[in-house]
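Right, one structure below, let's go through it.
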Amino acid sequence: MPLLVPIFRPALILVDVQEDFCPPNGSLAVPGGRDIVPVLNDLLKLPFVLKIATKDHHPPDHVSFASNHPGATAFASTTTIVNPANPAETYETQLWPAHCVVGTPGNELLPELDHARVDAVVLKGTDPRVEMYSAFRSPLRDPPLAGAVSDLEERLRAAQVSDVFVVGLAGDFCVVNSALDAAQLGFSTYVVEEGTRCVGGAEAWAKTRSLLEEKGVKVIHADGPEIEAVKALRL
Ligand code: VGL
Ligand code: ZN
C-alpha cells in the first residue's frame, strides 16, 4: 500500500483589518481592534504558503446599513435578506452603522499592517442585496448568489492549502463565519486568539470560542505548537 504522507500547507487569512473596525475613528470600531496588529505582523513573517487579507467592501446602498432602512437603528434592528433568485430563501441579519464603504477612508486596511507581506486582497460584501460575514460566501445556498461568493476557496485550492489560520475582525462576526466555512470546506482550521477582538468584547469571545470548538475549529495561541509548526516550515 502506498504511504500517504499528509502535507502541511498552511495559509493565513487576515479578516477585515480595516479602519472602520478600529478605534479611534472607525464607524463600527471593535474594542481593542487596533491592538492585534503586532500579532498579525509577527504571523505575516512566517512561511505560510499563502497570506490573504480580506476587506469588507460595501456599496453605499448596502442592505446591512441601518441608514438604508427608514426607522431602523444600528445594532438594535434587523432586516430580512431574500435570495434574489429564490424568494423562499431568506435570513435575518443585524443592521449596522454604514461602514467600509468603497472609496472612503474607513474602507482602508490599517496602514501599520505589513502590507508588503500580503499576497492578495479578497473583497467581500460587495453585493448591495446581501450580508456576507464569511470571506468565502454569503449564507445563500439555494442557489448561491454568484456575486456573493469570493474567489478565496479557489485561491486556497490552487495553492494546495491544507490548513487555514484565521485572525482579524470582528471575532464574533466575520472571523467566526470565515473560520466555520473554512472548516466546512474541509480545511483544518484555527483561530489565533490573540489575533482577534469581538464587537461584543470578552463576553462575546467566550461564546464564539465555544461555537468554534464545537464545530471543529481549534482556538490556538500565537505561541502555541501549531504556530511553531508553521515556523518550522522552509519555503
Ligand atoms: C463585520 C459587521 C458588519 C466584520 C462586517 O467584519 O466582522 N461585522 N460587517
Ligand atoms: Zn459589513
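The values are calculated or read from the model by the stated rules, or taken from the named source; none is laboratory data. The structure displayed is predicted, hence computed values, not measured ones. Every residue, glycine as well, gets a Cβ built from its backbone with ideal geometry; the counts of neighbours run over all protein chains shown.
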Could you check how many residues of region 130-168 are within 13 Å of ligand 1 (Cβ to nearest atom), of a type outside the set (D, E, K, R) and assigned to a loop (DSSP other than H, G, I, E, B)?
6
Every residue in region 169-196 that is hydrophobic (A, V, I, L, M, F, W, C), part of a strand (DSSP E or B) and either over 20 Å from Asp35 (Cβ atoms) or within 16 Å of ligand 2 (Cβ to nearest atom) (or both), please.
Leu169
Flag if Asp151 is buried (at least 17 other Cβ atoms within 10 Å of the Cβ) and more than 16 Å from Phe21 (Cα to Cα):
no
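Could you say which residue among Asp114, Asp16 is surrounded by fewer than 20 Cβ atoms within 10 Å (Cβ to Cβ) and either of a type in the set (D, E, K, R) or away from ligand 1 (no atom under 14 Å from the Cβ) (or both)? Lay out the reasoning, then the answer.
Values: Asp16 fails: surrounded by fewer than 20 Cβ atoms within 10 Å (Cβ to Cβ).
Within the list Asp114, Asp16, the selection yields Asp114.
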Is one or more of the residues making up region 74-94 free of Cβ contacts under 8 Å to residues at least 24 places away in the same chain and within 12 Å of ligand 2 (Cβ to nearest atom)?
yes
When region 161-181 is examined, which residues are found to be over 18 Å from Leu46 (Cβ atoms) and of a type outside the set (Val, Ile, Thr)?
Leu169, Ala170, Gly171, Asp172, Phe173, Cys174, Asn177, Ser178, Ala179, Leu180, Asp181
Search region 1-22 for residues that are within 24 Å of Leu123 (Cβ to Cβ) and pair each with any residue that is modelled with pLDDT of 95 or more and exposed (fewer than 10 other Cβ atoms within 10 Å of the Cβ) when their beta-carbon atoms are under 9 Å apart and the residues are at least 6 apart or on different chains.
Glu19/Pro111
May I ask you to verify whether Phe48 is of a type in the set (Phe, Trp, Tyr) and surrounded by fewer than 24 Cβ atoms within 10 Å (Cβ to Cβ)?
no
For region 179-193, check the following and say yes or no: at least one residue is of a type outside the set (A, V, I, L, M, F, W, C), closer than 19 Å to Ile52 by Cα and touching a Ser or Thr at 6+ places or on another chain (Cβ under 6 Å).
yes
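Which residues, counting only those in region 60-71, are surrounded by 14 or more Cβ atoms within 10 Å (Cβ to Cβ) and either farther than 16 Å from Leu28 by Cβ or in contact with a strand residue (DSSP E or B) (Cβ under 7 Å, 6 or more places away or on another chain) (or both)?
Restricting attention to region 60-71, the residues satisfying the condition of being surrounded by 14 or more Cβ atoms within 10 Å (Cβ to Cβ) are 62-69.
Listed by number, the residues that qualify are Val63, Ser64, Phe65, Ala66, His69.
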Number of the condition not met by Tyr91 [criteria: (1) touching a Ser or Thr at 6+ places or on another chain (Cβ under 9 Å); (2) under 26 Å from Ala146 (Cα atoms); (3) not in a strand (DSSP E or B); (4) not charged (D, E, K, R)]
(3)
Only residues that are of a type in the set (Val, Ile, Thr) and part of a helix (DSSP H, G or I): list them for region 1-59, please.
Ile36, Val37, Val39
Kindly list the number of the only condition in (1) crowded, with 21+ Cβ neighbours inside 10 Å; (2) of a type outside the set (Asp, Glu); (3) within 21 Å of Ile36 (Cβ to Cβ) that fails for Leu140.
(3)
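Scan region 92-101 for residues that are more than 14 Å from Thr73 (Cα to Cα) and surrounded by 15 or more Cβ atoms within 10 Å (Cβ to Cβ) and report the count. Before you say what the answer is, go through the steps one by one.
We begin by selecting, within region 92-101, every residue more than 14 Å from Thr73 (Cα to Cα); these are 92, 99-101.
Those still in the list that are surrounded by 15 or more Cβ atoms within 10 Å (Cβ to Cβ) too: 99-101.
Qualifying residue count, region 92-101: 3.
When the residues of region 117-128 are narrowed to those that are in a strand (DSSP E or B) and surrounded by 13 or more Cβ atoms within 10 Å (Cβ to Cβ), which ends up nearest to ligand 2 (Cβ to nearest atom)? Can you show your working first?
From region 117-128, those in a strand (DSSP E or B) are 120-124; that's our starting set.
Checking the rest, the ones that are also surrounded by 13 or more Cβ atoms within 10 Å (Cβ to Cβ) come to 121-124.
On the way: Val121: 16, Val122: 14, Leu123: 11, Lys124: 8 Å.
The qualifying residue nearest to ligand 2 (Cβ to nearest atom) is Lys124.
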